[in-house]
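Worksheet for the structure shown next.
The values are calculated or read from the model by the stated rules, or taken from the named source; none is laboratory data. On a predicted model such as this, the values are computed, not experimentally measured, just so you know. Because the Cβ atoms are built from the backbone with ideal geometry, glycine has one as well, and the counts that use them run over all protein chains shown. Keep in mind that these areas ignore ligands, DNA and RNA; they rest on the heavy atoms of the full protein, side chains included. Shrake-Rupley method; radii C 1.70, N 1.55, O 1.52, S 1.80 Å.
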Amino acid sequence: MKRFLSDKQIYKYGFNLSPMYRRSTGKVIEVSDNLHYVKIKIPLSFKNRNFVGSIFGGSLFSATDPIYMIQLMNILGEDYIVWDKAASIKYKRPGKDTLYCEFEFSTDEINAIKKNISSKGEIDIVKTPTIVDKEDNTIAELSKTIYIANKAFYKEKRKQKESYKSSL
């Protein structure tokens, strides 16, 4: 697949063609070449319109949920384990039109993640993107806690946990 498509194209079209993501009504509209930046849109439609005519909160949450985890998995590569650990959303006002959300990692942030993992084995990071309308009004604020570990560290931790459970 990588022979014919760039990582950027695989990321964008993989999300947009995935039945799981399509049901959220979100759409990936922009991805940087290095995958450090992703922008999505969530258009108001009959599929996500709630009783009062705004975008259903569950659609906002599900459209934003998988982005950071999969973004980091692709940026960091095979030597790391990445899991969503926690998420919350605070609704500020109704979304009555197409909404947008941006997900970004700076090069310094990625380097800091790698450095912290090399010394600690595992870390949690918290990212706080906002969902906005076309006038940049905040519709919702998100908080995403992401667990990241060195794969060897993670496997050893799991092995120790399993041996402890079997000794009980």
Sole miss for V126 among (1) under 23 Å from Y37 (Cα atoms); (2) touching a Lys or Arg at 6+ places or on another chain (Cβ under 9 Å); (3) part of a helix (DSSP H, G or I) is condition (3)
Of the residues in segment 87-117, those that are in contact with a strand residue (DSSP E or B) (Cβ under 7 Å, 6 or more places away or on another chain), assigned to a helix (DSSP H, G or I) and surrounded by fewer than 16 Cβ atoms within 10 Å (Cβ to Cβ) come to N116
Within segment 28-58, of all residues that are touching a Phe, Trp or Tyr at 6+ places or on another chain (Cβ under 8 Å) and among the polar types (S, T, N, Q), the one nearest to M69 (Cα to Cα) is N48
Taking segment 27-55 and keeping only residues that are free of Cβ contacts under 8 Å to residues at least 40 places away in the same chain, of a type outside the set (A, V, I, L, M, F, W, C) and in a loop (DSSP other than H, G, I, E, B), one is left with S32, D33, S45, K47, N48, N50
Scanning segment 56-78 residue by residue, the ones that are buried (at least 22 other Cβ atoms within 10 Å of the Cβ) and either outside any helix (DSSP H, G or I) or of a type in the set (V, I, T) (or both) total 2
N50 fails exactly one of (1) touching a helix residue (DSSP H, G or I) at 6+ places or on another chain (Cβ under 9 Å); (2) open to solvent by less than 30 Å² (accessible area, probe 1.4 Å), namely (2)
